[in-house]
Amino acid sequence: MNKQPLEISINGDCYSLAVEPNRTLLELLREDLDLTGAKEGCGEGVCGGCTVLMDGKPVRSCLTLALEASGTHITTVEGLAQKGELDPLQQSFIEHGAVQCGFCTSGMLMAAKGLALNNPHAGNKEIRNAISGHICRCTGYTKIIEAVEAVVDRSLEKR
Amino acid sequence: MRLPPFAYDRPRDLYEALELLNSYGKDCKVLAGGTDLLVRMKQGLVAPTHLVSLKALSELAEIKETGDGLQIGAAVKLSDILAYQPVQDHWPGLFEAVKAIGAPSIQHFSGTIGGNLCQDNRCQFYDQSKFFRAARQTCNKAGGSTCFAWKGGSDKCHSACQSDSAPILIAMDAKVVIKSKNETRTMPLEELYSSVGERPLTLADNEMLTEILVPAPTPGAGTAFEKLAYRSSIDYAMVSAGAFVQTEGGRTTRVRLVIGAVARGPLSIATVEKTLKNRPAGDQQAINEVAIDAMNTAAAFIANNMTQPVEYRTKMVSVIAKRALTRAAERAISQKGFLEAK
Amino acid sequence: MIDDQERNGKKEIMEEFTVIGKRISKVDAVDKATGRALYIQDLKLPGMLYGRILYSKYPHAHIIRVGTEKAKALPGVITVLTGEDIPPVRLGFYKDNPLLKAGKVRSYRDEVAAVAATDPEIAREAISLIDVTYEALPAIFDPEEALKPEAPLVHEEHKTNLLKMPWSLHYGDVEAAKLDAVFNVSERFSTTWVTHCCMGTSGAIADFDHSNNLTVYTNTQIPSLAQKDFQETLKILGVKDKRVRVIKPCIGGGFGSKLDTYAYEHMAILLAWYARRPVKILFEREEEFIATSPRQPTVTYISMGCDKEGRLLYRDMSMVLDNGAYTSWGATTPSVMMMPITSLYRVPNVRYSAKCVYTNNTYSQAMRGYGNPQATFAIESAIDMLAEAAGIDRVEFRRINSNQPGDVTPQGLRITSCGLPECIEAVSKDLEFGRSRENGVGVGLASLIHVGGGARIYKSDGCGTIIKMDDYGKVDVFTGASDMGQGSDTIIAQIVAEELGVQVDDVHVFHQDTDICPWDVGAHASRTTFVAGNSALGAAKKIRLRLLAMASKATGVDEDKLVLRDRAFFVEGKPVLPIAKLLRGSHFTPRGEMMMADNFYDPPNENMGKDFRGNMSATYSFGTHGVRVKVDEATGKVEILDYIAAHDVGRAINPLLLDGQVHGGVLMGVGYALTEQVIMENGRNMNPDFRDYKVLTAMDAIHSKAVVIETIDDQGPFGAKGIGEPGCVPTAPAIANAIYDAIGVRIKDLPITPEKVLAAIKKKNGTVSCGIDAFTQKEQACE
Ligand SMILES: Cc1cc2nc3c(=O)[nH]c(=O)nc-3n(C[C@H](O)[C@H](O)[C@H](O)COP(=O)(O)OP(=O)(O)OC[C@H]3O[C@@H](n4cnc5c(N)ncnc54)[C@H](O)[C@@H]3O)c2cc1C
Ligand code: FES
Ligand code: FES
């Protein structure tokens, strides 16, 4: 099938690529660009492992055509840390024990980041809602929720 | 899991999009958020040779309140509906229904209302991988001639319409605007559904849903949506219900009840108006009667198309119907929106 | 520093630690939170091919012909293998599972052929091009039916569907005790198929070098045993005396699923062998559901009786377990079930027998708890029933029968430290048992015993550790343990850091590679903290002694005046010599030495004897869970309002990780209790995806409170016992007991789905109608 041009910004880097229409954003990231932080846990939208931010909003990269991301800004877990500084959410996940096997972690972080960007004062229920499309088999979610709450709290303090 | 090959177009305006639909015909599918379509393509259920993306059609991505009510472009994202203040204030039932769809990061930021209304029907025997289906005969929906979801088999497809937004929108008398290259028609949303499992929409191959029109809220009206699922997130409904109740002086003057997830299309309960009209709003005895009617009506349709037992889902129709009607009546009287009511 | 302190009602000496007992982040968390951590999904070798397996179309059938011509002709296909093409590799300890089936298939999961191709999609297509002709045979799916004489045989050569396993014991005299008992219960309970659902699917890469040494990258909990299994496969291929190296990338969850080696691993080896290129097999989610081994269903008959005062007199249990078509460790879970059956609460007379039965279902595996959740569901449900029959409060009943330190149970388990009484207290206080409550709300509790000091299943229950220190005071620890996400690397780093007076950051734990890591029997039975921890502690102690001796020589201060902490030696609170300096000096000197030590620790536990008596574990963990539920009597849905999990952990080496194990275990247990179920229809998995296999989400997640009871076990590293599995053990009975408390119906079959709850309510009320009662016009509970 014919490749089509794709202009895309990923973690702040601009790419001019040519991709096949049936390439998903997840395949583009993992297979073509070696950004393996996003994980395929199901390939059909259910598990949340592949979640990335598209223009600041969490979306499933396994159910997004790479071409549909044309002209957007994509953030993956690799792009969360800025200039060697961990994102407060990453720091909080680490400190709160929100990471066990880690397979769900990047998706969880991206959903949490999406929430923090769009609703920095989210409460417990909103946090749970934001990550409710993500399955974690290890943590029972408790520590993940606490980790996000702590960051939201901090952003409240700053005000 | 890879997608099969296809060609991709991203038209810049509606006209171009309709042109493309017209020329590609049945080999083509509209791609909105893709959260339903791409799963089906990965499973090999549909194999369009062309996808026409709605991504660049800003004219379909607008939600606005007018004197006539709410005008929602077909490509408006679910998250934009949830964030729209008038929806929170005046259409709490719609807010509840959209919120109940899947989960935020699955489709709220990419899935669209048009895609939600136009998603194909579902069945536990059909919505599976090629590998899974290969173990059985081809069913009606897949082009064969049997149905595994209907006890004793059937020559019809008994899949269920799983759209969470359809029941409440129909209950609110929403209309849809359908366009093709040469024609525009506006019709009640319920007419979008054919009640044919194999082909559940009445859209022609060259047609597209462009707009949803929801009537303006009237004083004394209330809406509510109820959904029953094992889990509080991700799950499709086992049973859902959308209810609209119009009151005057504490009495019901107009009412609609639509049951979702049980039949080939959203199921309007016809007797509800007769039973509830002129009764005090929220009258439990009358609502009970209607709920029983709903259960009996649904019983004729519910098939073994989900992993949950048919008998249980049937019985739950009454409970879910009752809860939706009761809450809609409460809202009609209290006149509170979703967020206030919480 | 020595300080007397009251803890848990016991007086004891408390030392002050620098890293033990601290909430320290996992050592691998940064890599995982930044996307750097590599899982099998992320690995690619140059020239690598992609393998795929063809599964059976029938649950039981003769294979007449396997046609591979079309598949072989597909461009990009390098190798196609069928059961006829390969030497007879057999899997599992019972060796009843041929790698590729020839002649006959016994379940839908049976591997019939495999391909290796240059691209995963080509491999998929090639699989679909293989034509297999089958001749269907009658199949059997119900283990109780499978025991009947007329049942079709799954393995003809085995002559019966009953596995020849000796699971039967009788201690004391149950029949006599039955005559003495004043109150009795007798019930049937059942549990269903549930599966591990590791978020990272299974996968392996096999790679031969030019001299036929094999490297396997795989997700395994048992690197050393896997190495042995792979060696055997090589031997059958005629490859002898070659090196097998097992490398574990990051594992996306284990929970028991990776306790054995599986067809996909051996298949990758064979494909790589024939293709002469590296081959990767990676499961998709659907395959993960259908081709990995779930926890087996059980049917349990239990009777139990007590005297007038509520003291347990006997427990009599028999079980039927669905083994599926082949045998893996699932068939040995009765050996662990024996522990709660003989030893949860004091019970003098015990009888137990278990039958593992072949069926044409998928074959089973142990899962978190190794049979304990199934057994405890029956025991703890029945305990509540017996307490009610005896008219004794449920909490009081458990107090009366609680295990105590110093007990020796009928099976010969020697209870050393035991915090069960404290756990029961903590839970009953927190949930206020017995206070009046609103309609539809109830509380329940259940307890557990589990191995906490290893479990001697093999001749060895050991683990090796090598430690070396470099010139800068950094420590490399090579352990046999396997970290699957539970955090054993961190626990080991803490133990070593504490002993050597360095920071956790100074310690690097290697566990990934059999070429550099010592032997270990595997990550099972919650044994890693205890066994690998003790092993690491022993190695660190050796180094510590040498460091002290050297430092004493270098400083002229007596060894017992030197304190090793904060990367230096201290005398009377003042630093006198940094460790790094001492280390550099140690080999930049004539007849210098390197700071290295090794240690092999095998816990002082016993293999079970012929009658299954024996102190299987060096110590035991205890716990009690309490839960408050609300039942929606119209829909049957159960909501969890509060949850408390109290565990006797010996010592919490890292409370942060401990909480994580408990919270995770509890939610897995709640899923087991309420929603999770592999729906098997005549041997076929009907819900092989996360839409229909209901793992709970964050919106369903419960607020669980983890209470830690420290009993400081004499044998444990710094007093710790194992805690990996217990979190999910008593959850289901606690919930079932709470539902009974709430609405007076007892559900005896897992999972407790809304429809079962409704059916039970209906039965209790004798109501016929449902939903809304047409006559009374009231919302009615229904079936
Ligand atoms: C894990 C998971 C859970 C889900 N849970 C739910 C749920 O609980 N409730 C629910 O209702 N849905 C659910 N869905 C389905 C789906 O995500 C939603 O219905 C979503 O709203 C679909 O919108 P979309 O824009 O992504 O549709 P798409 O996938 O883009 O389109 C769906 C279908 O509609 C057609 N279409 C789209 N727009 C138009 C248009 N304007 N005119 C004509 N045809 C059009 C497409 O051609 C396609 O056939 C779930 C999906 C997943 C993967
Ligand atoms: S891989 Fe995309 S949601 Fe599971
Ligand atoms: S940490 Fe393992 S799945 Fe979430």
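The values are calculated or read from the model by the stated rules, or taken from the named source; none is laboratory data. Model, not experiment: these values are computed from the prediction. When we count neighbours, we look across all protein chains shown, and the Cβ atoms used for this are built from the backbone with ideal geometry, even at glycine. Protein only, heavy atoms only, side chains kept; ligands, DNA and RNA dropped before computing areas. Shrake-Rupley method; radii C 1.70, N 1.55, O 1.52, S 1.80 Å.
Per 10 Å bin, what percent of the C-alpha pairs of chain C does each bin hold, from zero upward?
3, 13, 22, 24, 19, 12, 5, 1, 0, 0, 0
Give the B-A buried accessible area in Å², both sides summed, 1.4 Å probe, nearest 100.
Approximately 2600 Å², summed over both chains.
From the gyration tensor of the Cα coordinates in the stretch C:109-156, what semi-axes in whole Å does the equivalent ellipsoid have, largest first, with each one equal to sqrt(5λ)?
35, 11, 8
Given all pairs of different Cα atoms, what value in angstroms does the Kirkwood hydrodynamic radius of the stretch C:614-752 take?
Averaging 1/r across every pair of different Cα atoms and inverting gives 16.4 Å.
Return the whole-Å distance between the Cα centroid of the stretch C:336-413 and the Cα centroid of the stretch B:281-309.
When both Cα centres are located, 43 Å separates them.
Rounded to the nearest percent, how much of the accessible area of the stretch B:1-52 (1.4 Å probe, protein heavy atoms only) is carbon and sulfur?
The computed percentage sits at 51.
Near residue C:507, within a Cβ-to-Cβ distance under 12 Å, what is the net charge of the other residues, with Lys and Arg +1 and Asp and Glu -1?
-4
Placing +1 at every Lys and Arg Cβ and -1 at every Asp and Glu Cβ, with all other atoms neutral, what dipole size does chain A have around its Cα centre, in debye to the nearest 20?
420 debye
Which of the trypsin sites (Lys or Arg not before Pro) found in the stretch C:563-658 are loop residues per DSSP with 10 or fewer other Cβ atoms within 10 Å of their Cβ?
Passing both the DSSP loop test and the Cβ count: C:591, C:610.
Report, largest value first, the span of the C-alpha coordinates of the stretch C:462-601 along each principal axis, in whole Å.
Ordered largest first, the stretch C:462-601 gives principal extents of 47, 32, 22 Å.
Towards the positive end of the charge dipole of the protein assembly as shown, with charges on Cβ (+1 Lys, Arg; -1 Asp, Glu), say which of C:702, C:376, A:2 has the farthest Cα.
Most positive-ward Cα: C:376.
Just the number please: accessible area per residue for the stretch A:88-157, 1.4 Å probe, all protein chains included, in Å².
I get 27 Å² per residue for this part.
Residues of the stretch A:92-114 losing 40 Å² or more of accessible surface, assembly versus chain alone, probe 1.4 Å, please list them.
Hits at the 40 Å² cut-off: A:94, A:99, A:100, A:101, A:103.
Taking N as the number of residues in the stretch B:229-342, what value does Rg over Cα atoms divided by 2.2 N^0.38 Å take?
Here the answer is 1.08, to two decimals.
Total Å² of accessible surface buried at the A-C contact, 1.4 Å probe, nearest 100?
Its buried surface, counting both partners, is about 3600 Å².
Which shape class applies to chain B: rounded if a/c is under 1.5, otherwise prolate when a/b exceeds b/c and oblate if not, where a ≥ b ≥ c are the square roots of the Cα gyration tensor eigenvalues?
Since a/c reaches 1.5 but b/c is at least a/b, the shape of chain B is classed as oblate.
Mind listing, in residue-number order, the residues in the stretch B:80-111 that have at least 30 Å² less accessible area with every protein chain present than in their own chain alone (1.4 Å probe)?
B:104, B:105, B:106, B:109
If I ignore ligands, DNA and RNA and count only protein heavy atoms, how much of residue C:428 is accessible to a 1.4 Å probe, in Å² to the nearest 10?
20 Å²
What is the P(r) of the stretch C:105-246, as percent of Cα-Cα pairs per 10 Å bin from 0?
Result, from short to long distances: 7, 18, 26, 27, 12, 6, 3, 0 percent.
If amide hydrogens are placed 1.01 Å from N in the peptide plane, which non-local residues have theirs closer than 5 Å to the one on residue C:654?
Here the answer is C:21, since their amide H atoms fall under 5 Å of that of residue C:654.
Hey, how many Å between the Cα centroid of the stretch B:248-263 and the Cα centroid of the stretch C:244-279?
58 Å
Can you give me the Cα centroid spacing of the stretch C:511-586 and the stretch C:143-220 in angstrom?
About 43 Å separates the Cα centre of the stretch C:511-586 from the one of the stretch C:143-220.
Which residue, B:306, B:263, B:48, has the largest displacement toward the positive end of the dipole of chain B when charges sit on each Cβ (Lys, Arg +1; Asp, Glu -1)?
B:306
Testing the spin-label approximation: label points 7 Å from Cα along Cα→Cβ at residue C:552 and residue C:17. State their distance in nm.
Result for the modelled spin labels: 2.6 nm.
Can you classify the stretch C:428-537 as rounded, prolate or oblate using the Cα gyration tensor, where a ≥ b ≥ c are the square roots of its eigenvalues, rounded means a/c under 1.5, and otherwise it's prolate if a/b beats b/c and oblate if not?
It is prolate, given that a/c is not under 1.5 and a/b is the larger ratio.
Can you send over the carbon and sulfur percentage of the accessible area for the stretch C:651-738, probe radius 1.4 Å, protein chains only?
Here carbon and sulfur together make up 45 percent of the probe-accessible area.
Hey, what's the stretch A:4-79 come to in accessible area per residue, 1.4 Å probe, Å²?
28 Å²
Could you pull the Rg and Dmax for the stretch C:249-342, using just the Cα atoms, both in Å?
Just the Cα atoms of the stretch C:249-342 yield Rg and Dmax of 20.4, 73 Å.
So, for chain C, what is the accessible surface per residue at a probe of 1.4 Å, expressed in square angstrom?
Normalised by residue count, the accessible surface of chain C is 34 Å².
Treating only the Cβ of Lys, Arg, Asp and Glu as charged (+1, +1, -1, -1), what charge dipole size does the stretch C:462-601 show about its Cα centre? Round to the nearest 20 debye.
For this selection, approximately 500 debye.
Would you kindly calculate the translational diffusion coefficient of the stretch B:276-342, applying Stokes-Einstein with the Kirkwood radius from alpha carbon pairs, for 10 °C and a viscosity of 1.306 mPa s, and quote it in µm² s⁻¹ without decimals?
For these conditions, the coefficient is 120 µm²/s.
Checking a compactness column here: for the stretch A:4-79, what do you get for Rg(Cα) / (2.2 N^0.38 Å), N being the number of residues?
In units of the 2.2 N^0.38 Å rule of thumb, it is 0.96.
HN-Hα J couplings of the stretch B:26-35 from phi, Karplus 6.51/-1.76/1.60, θ = phi - 60°, integer Hz, Gly and Pro as x?
Each residue's phi maps through the Karplus curve to give 6, 7, 10, 10, 6, 10, 9, x, x, 6 Hz.
Would the stretch B:1-52 count as rounded, prolate or oblate if I go by the C-alpha gyration tensor, calling it rounded below 1.5 in a/c and otherwise prolate when a/b exceeds b/c, oblate otherwise?
prolate
With all protein chains present, how much of the accessible area of the stretch A:1-132 (probe radius 1.4 Å) comes from carbon and sulfur, to the nearest whole percent?
So the carbon and sulfur contribution to the accessible surface is 47 percent.
Under 21 Å Cα to Cα from residue C:355, which lysines show up? Leave out anything in the same chain fewer than 8 places away.
Partners within reach: C:95, C:148, C:159, C:164, C:610, C:748.
Let me check I have the definition right: for the protein assembly as shown, take the eigenvalues of the Cα gyration tensor, multiply each by 5, take square roots. What are those semi-axes in whole Å, largest first?
That gives 49, 37, 33 Å for the three semi-axes.
Could you pull out the pairs from B:322/C:637; C:474/C:581; C:26/C:468; B:26/B:141; C:248/C:474 whose alpha carbons sit more than 19 Å apart here?
With Cα atoms farther than 19 Å apart: C:26/C:468; C:248/C:474.
How about the stretch C:685-715: which of its residues lose at least 50 Å² of accessible area in the presence of all protein chains relative to their chain isolated, using a 1.4 Å probe?
Buried on complex formation: C:686, C:690, C:691, C:694, C:695, C:697, C:698, C:699.
Before rounding to the nearest 500, sum -39500 (n - 2.57) across all DSSP H runs of length at least 4 in chain C and divide by the residue total; then give [θ] at 222 nm in deg cm²/dmol.
Value at 222 nm, helices only, nearest 500: -8000 deg cm²/dmol.
With the convex hull built on the Cα atoms of the stretch A:88-157, state its orientation-averaged projected area in nm².
3.9 nm²
With a 1.4 Å probe, what is the total accessible area buried between chains B and C, in Å² rounded to the nearest 100?
For B against C, buried area totals roughly 3400 Å².
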